[in-house]
Amino acid sequence: MPPAERRTGLRIGIDATALVAEPTGVGNYILPILTSMARGHPDSTFMLYSNHEVQHPPAANLVPRVLAGGRRGPWWQNTHLAAMLRQDRLDVHWAANGLVPARRPRDLPVVVTIHDLVYRFARDTLPLHSYVGRALFQPLAVRVARRVVAVSAATAADLERVCGRRPDVVLHPLAGPGFRLAARDDVARVRGTYGLFGPYLLTTGTVEPRKNLITLLRAYERCRAGEVPLPRLAIAGRSGWKNGPIEQALAEAQSRGWLHRLGYVPSQDLPGLYAGADAFVLPSRYEGFGMPLVEAQLCGTPVLHGDHPAMREAAGGLGIALRLDVDGMAADLADYAHGVSAVACRLPGDIDCDVDAHAEVMWDLFEQAAASVARGPVSG
């Protein structure tokens, strides 16, 4: 759209349920883009829809719209969110969590961000309600959206293969400004805070099946038993779902003294935690991107990751790919420990961190979606 034709004063709705006090992947994706857009377009209003209190930066044009009542996920979206969307007369809605209500206003253009297709490629790792909600409403969102964003080229390819639609753009998640080589200056403080004395390997993420932690723990135990020179393993992240066997395996590893469990680590401590590690490990079976790999590399820490296209993409091709079974992962960890695998790390200057550029791409999609209304409704 030429500059003379740019829209002003848009009313934009956003699924803000991921903007919580202790955000994880989706919340960390949304927040920097939202912050930049709100600053760059002060004449527009951003309605932040949620079923709980929204954590957002102070800005007059960010307006929380909270309707609680115990409903969550698609049940909340198809009742409370749908009602608010009908009331607020928006120009466009950003389905930032990848789902849209079936009962939305039919003349409301939607821009959807697809973070992953876990319901398709790692179905067994989801609780039943989450799987059903994603399986029903994510294909709907892709079908009815005026514009579609994927968080990685790998997810874009999966989306085209599964849903038959090529995303309009790929916008990688962005690391916060604290993830820099300067984080090494904070290592001593973080080590003291979490009792991390001596070398360690680090992994982060919600404790749930897709992260493949049981395989990592068993492979690690095998290496340690074989006197492979691996340091202690530190695991950061809150407990998730379907995690009974994982918690048992974590407790056993802790009792043997080579696992250090950190729990949820706030964002201000993560850079120093990454920078102090010998390497960062993300052994996941499946990811839509793999943002912690980028964060670790920005702090100067090499990475090992599950052998999946999205994680290879996130690591810029400079991570060590780990096989996903115990035997293969143990052999790969041993190769790393003995210096057989080439260890490299991207230079921070090679990693895209331009949040304002990402925000303008998203804003252009909002304008395009709002302008497309005159061409008629999308079915679905």
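The values are calculated or read from the model by the stated rules, or taken from the named source; none is laboratory data. Keep in mind that this is a model prediction, so the values were computed, not measured. So basically every Cβ, Gly included, is an ideal-geometry build from the backbone, and we count neighbours across all protein chains shown. When the accessible area is computed, the model is the full protein with side chains, heavy atoms only, and any ligands, DNA or RNA have been set aside. Shrake-Rupley method; radii C 1.70, N 1.55, O 1.52, S 1.80 Å.
Things worth noting here:
- Qualifying residue in the stretch 330-345 (condition: buried (at least 20 other Cβ atoms within 10 Å of the Cβ), in contact with a helix residue (DSSP H, G or I) (Cβ under 9 Å, 6 or more places away or on another chain) and closer than 30 Å to Ala96 by Cα): no
- The lone exception for Pro32 - which of (1) touching a residue at least 60 places away in the same chain (Cβ under 8 Å); (2) open to solvent by less than 30 Å² (accessible area, probe 1.4 Å) it fails: (2)
- Single unsatisfied condition, Leu202 versus (1) part of a helix (DSSP H, G or I); (2) of a type in the set (A, V, I, L, M, F, W, C); (3) in contact with an Asp or Glu (Cβ under 9 Å, 6 or more places away or on another chain): (1)
- Selection count where residues are assigned to a strand (DSSP E or B) and either over 16 Å from the mean Cα position of the chain (by Cα) or free of Cβ contacts under 8 Å to residues at least 60 places away in the same chain (or both), scope the stretch 103-132: 3
- So Val170, is it of a type in the set (A, V, I, L, M, F, W, C), open to solvent by 20 Å² or more (accessible area, probe 1.4 Å), more than 30 Å from Ala331 (Cβ to Cβ) and modelled with pLDDT of 95 or more: yes
- Under the condition of being among the aliphatic types (A, V, I, L, M), part of a helix (DSSP H, G or I) and either at pLDDT below 95 or farther than 17 Å from Val144 by Cβ (or both), the residues counted in the stretch 322-369 number 12.
- Residues that are within 22 Å of Ala331 (Cβ to Cβ), over 16 Å from the mean Cα position of the chain (by Cα) and among the polar types (S, T, N, Q) do occur in the stretch 213-230.
- Only listed residue being surrounded by 18 or more Cβ atoms within 10 Å (Cβ to Cβ), of a type in the set (Lys, Arg) and in a helix (DSSP H, G or I), chosen from Arg189, Arg184, Arg143, Arg210: Arg210
- Against the conditions (1) under 30 Å from Arg312 (Cα atoms); (2) assigned to a loop (DSSP other than H, G, I, E, B); (3) free of Cβ contacts under 8 Å to residues at least 24 places away in the same chain, Gly98 satisfies every one except (3).
- Tally, over the stretch 248-285, of residues that are of a type in the set (Ser, Thr, Tyr), open to solvent by 60 Å² or more (accessible area, probe 1.4 Å) and assigned to a loop (DSSP other than H, G, I, E, B): 2
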